[in-house]
Amino acid sequence: MKLTIYEGKLRIDLSDLEKVLAIKRDFEIPLEHIVEVRTEAPEISWREIRAPGTYLPGVIKAGTYYTPRGKEFWYVTKKGCLVLELRDEPYRRIILSVERYKQWAESIKKATSKCYQASLSQEEDQTKA
């Protein structure tokens, strides 16, 4: 899995194996749609419905899950966890196991903060005009 921040977007490129296990293609999320970034994995509930994806307890949870919180995408193995809370996207939450997940969380927070400040600046310019 490869993450990239560019042109106001977060791109998540899945490897071929990850695409097969998750039955999903790559993601491209506008930074302004990222509401919150965390590194603590959400609780897993028996009320989650996997459709489609792969689940091997203690090994991998990958794919689309319908939960009491809404539609989520999971690709989690034993590595650390990056959680993205979203708005105006098909998924309410994306949960990923990535290398350097804490560094990625900080980078995404910083990028979304800059994006938010830029949009406030544009709104101020429009109200002055």
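The values are calculated or read from the model by the stated rules, or taken from the named source; none is laboratory data. Computed from a prediction, not measured in an experiment: that's the story for all the values here. Here the Cβ is made from the backbone with ideal geometry for all residues, glycine too, and neighbour counts use every protein chain on show.
For this structure, a couple of remarks:
- If the condition is being of a type outside the set (A, V, I, L, M) and not in a helix (DSSP H, G or I), then region 11-25 contributes Arg11, Asp13, Ser15, Lys24, Arg25.
- Residue match in region 26-41 (condition: part of a loop (DSSP other than H, G, I, E, B), surrounded by 15 or more Cβ atoms within 10 Å (Cβ to Cβ) and not charged (D, E, K, R)): yes
- Residue count for region 13-66 under the criterion of being more than 29 Å from Lys110 (Cα to Cα) and of a type in the set (S, T, N, Q): the result is 2.
- When Glu72 is tested against (1) over 12 Å from the mean Cα position of the chain (by Cα); (2) surrounded by 16 or more Cβ atoms within 10 Å (Cβ to Cβ); (3) of a type outside the set (Phe, Trp, Tyr); (4) outside any loop (DSSP other than H, G, I, E, B), only condition (1) is not met.
- Among the residues making up region 42-59, those that are over 15 Å from Ile94 (Cα atoms) and either in contact with a His (Cβ under 7 Å, 6 or more places away or on another chain) or surrounded by 14 or more Cβ atoms within 10 Å (Cβ to Cβ) (or both) are Thr54, Tyr55.
- Annotation: of all residues in region 77-111 being of a type in the set (Ser, Thr, Tyr) and in a loop (DSSP other than H, G, I, E, B), the one that is farthest from Lys2 (Cα to Cα) is Tyr91.
- When the residues of region 77-97 are filtered to those that are closer than 20 Å to Asp16 by Cα and crowded, with 19+ Cβ neighbours inside 10 Å, the one that is farthest from the chain's Cα centre (by Cα) is Ser97.
- For region 27-49, the tally of residues that are over 17 Å from Glu72 (Cβ atoms) and touching a Leu at 6+ places or on another chain (Cβ under 9 Å) stands at 3.
- Matching option when the condition is loosely packed, with under 14 Cβ neighbours inside 10 Å and out of contact with any helix residue (DSSP H, G or I) (no Cβ under 8 Å at 6 or more places or on another chain), among Tyr65, Tyr6: Tyr6
- Pairs linking a residue in region 70-98 that is within 17 Å of Ser15 (Cβ to Cβ) and of a type in the set (Phe, Trp, Tyr) to a residue that is outside any strand (DSSP E or B) and at pLDDT 95 or above, with Cβ atoms under 6 Å and 6 or more positions apart or on different chains, are Phe73/Tyr91.
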